[in-house]
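Peer 1: This is the structure, below, for whatever I ask next.
The values are calculated or read from the model by the stated rules, or taken from the named source; none is laboratory data. The model shown is predicted, which means the values in this text are computed figures rather than measured ones. Neighbour counts run over all protein chains shown; Cβ positions are idealised from the backbone, glycine included.
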Amino acid sequence: MKEHELIAELSRILGSSSGGGAPVTGLGVGIGDDCALISPPPGCDLLVTTDSQREGVHFRWEWIDPFSVGRRLVAVNVSDIVSKGGRPAFSVVAAGLPPGDPLGRLTEVYRGIAEESRHYRVVVAGGDISRNPGGMSLVMTLLGWIPPGTFVGRGGLGPEDCLYLVGRPGRARSGLLSLEKGLDETLFSEARAAFRRPRALSREGPLLASFPGVVSMTDTSDGLGRSLWELARASRVTINVESIPVSEEVRRWAEALGEDPGELVWTGGEDYDLLVGVSSREEEAFLRWARAELLAGSSEGLFRIGQVRERGNPEVFFGPGLEGNAWGAGFEHTG
């Protein structure tokens with residue numbers, strides 16, 4: 001298939017996710033030109049993120065189907081946008097193809113991109129296709145909008161502020177390890193689903209950012225431990241960890257895996273939960289609001305992780321009952 005024919009086929013697959021020939025608010029020119037032409041909504045700031053899915057690094061074909069790889073690519077990018085309180089809008093995708101890779105695999109990847117883009121109301125506005133000798137490589141750049149002054153960064157923590165986790169930690173790590181160890185599919189079906197088809201907290205992120213007492217936020221793409229360290233570094237504070245939220249299902253999976261359940265939660269990335277810093281003065285109001293509004297009808301959990309000690313050199317301490325844990329900080333991209 002010629003390159004122009006492949007682009008036409010992928011554009012057809014993307015359909016409404018690329019505008020599909022129908023007017024899309026904010027999209028002047030989409031797929032088919034050298035650049036996309038995009039107009040932000042009046043009075044909004046622009047958010048930009050990029051993330052990838054690379055064969056041999058983020059996935060192996062014996063573990064996951066191409067459709068799910070496409071879905072993962074979208075969800076991991078959306079998670080970055082919503083972790084700042086924004087709403088995703090437009091994306092571009094760069095695909096690197098190894099020689100001899102079946103085109104049917106790539107078209108299934110794009111079906112997954114299209115499906116997940118529609119779910120999160122993302123319009124695919126363009127991209128690139130090239131050869132890549134090291135396996136399939138997929139990179140998405142995602143644009144999002146956010147009202148001015150509502151961006152919630154990593155650096156807003158102060159003394160006595162509290163740390164909360166919104167989500168279901170340890171699931172994706174359990175699923176990945178079960179695949180690596182070749183364990184029973186039935187026992188780990190939910191864990192593997194969490195790994196293969198992560199969800200971004202697209203409703204919860206903007207809601208959290210709208211609460212006045214939320215002063216810091218990040219997603220846990222590289223693990224709870226690493227996310228805590230990132231907040232500590234950005235805010236120049238020390239953090240005391242009071243509890244590690246281990247669910248009964250993670251305990252069951254950990255036993256079958258021969259792993260420490262606390263470590264699965266602490267170091268396991270790709271859960272895409274939200275780690276939130278809450279002003280100590282607003283903690284009680286935050287809990288009332290979260291139970292009444294944030295978690296209404298939601299399957300996500302809310303867990304108190306710990307509290308900021310003081311300003312100074314960044315450090316993360318384990319509190320009573322957790323001392324002596326030799327867990328690492330989480331996934332290292334350069335390790």
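Peer 1: Please go through (1) surrounded by fewer than 17 Cβ atoms within 10 Å (Cβ to Cβ); (2) under 24 Å from the mean Cα position of the chain (by Cα) for Ala292 and return the number of the only condition it doesn't satisfy.
Peer 2: Only one criterion in (1) surrounded by fewer than 17 Cβ atoms within 10 Å (Cβ to Cβ); (2) under 24 Å from the mean Cα position of the chain (by Cα) is unmet by Ala292, namely (2).
Peer 1: Quick check on segment 200-212. Is at least one of its residues in contact with a strand residue (DSSP E or B) (Cβ under 6 Å, 6 or more places away or on another chain), assigned to a loop (DSSP other than H, G, I, E, B) and either closer than 21 Å to Ser298 by Cβ or not assigned by TED's automatic domain parsing to the domain that holds Glu282 (or both)?
Peer 2: yes
Peer 1: Test of understanding: among Ser227, Ser243, Ser221, Ser216, which residue is of a type in the set (Ser, Thr, Tyr), part of a loop (DSSP other than H, G, I, E, B) and within 28 Å of Arg87 (Cβ to Cβ)?
Peer 2: Ser221
Peer 1: Now, a different point. Does Ala193 satisfy the criteria of being outside the structural domain of Ser68 (by TED's automatic domain parsing), more than 29 Å from Arg252 (Cα to Cα) and among the aliphatic types (A, V, I, L, M)?
Peer 2: No.
Peer 1: Just give me the residues in segment 251-300 being under 24 Å from Gly156 (Cα atoms) and of a type in the set (Lys, Arg), in sequence order.
Peer 2: Matches in segment 251-300: Arg281, Arg288, Arg291.
Peer 1: So which residues in segment 257-288 are surrounded by fewer than 18 Cβ atoms within 10 Å (Cβ to Cβ) and either touching a Leu at 6+ places or on another chain (Cβ under 9 Å) or part of a helix (DSSP H, G or I) (or both)?
Peer 2: Matches in segment 257-288: Ser280, Arg281, Glu282, Glu283, Glu284, Ala285, Leu287, Arg288.
Peer 1: Also, I was wondering about something else. Mind checking which residues of segment 44-66 are aliphatic (A, V, I, L, M), surrounded by fewer than 15 Cβ atoms within 10 Å (Cβ to Cβ) and outside any strand (DSSP E or B)?
Peer 2: Hit for segment 44-66 is Val57, nothing else.
Peer 1: Now for a different question. Of Leu142, Leu73, which residue is within 26 Å of Arg173 (Cβ to Cβ), touching a Gly at 6+ places or on another chain (Cβ under 8 Å), in contact (Cβ under 8 Å) with a residue 24 or more places away in the chain and among the hydrophobic types (A, V, I, L, M, F, W, C)?
Peer 2: Criteria check complete, one pass: Leu73.
Peer 1: Six or more apart or on different chains, Cβ under 7 Å: which pairs go from a residue in segment 1-21 that's not assigned by TED's automatic domain parsing to the domain that holds Val109 and among the charged types (D, E, K, R) to one that's exposed (fewer than 10 other Cβ atoms within 10 Å of the Cβ) and modelled with pLDDT of 85 or more? Could you list them?
Peer 2: Nothing qualifies.
Peer 1: Among the residues of segment 87-105, count how many are free of Cβ contacts under 8 Å to residues at least 60 places away in the same chain and more than 16 Å from the chain's Cα centre (by Cα).
Peer 2: Counting residues in segment 87-105 that are free of Cβ contacts under 8 Å to residues at least 60 places away in the same chain and more than 16 Å from the chain's Cα centre (by Cα) gives 13.
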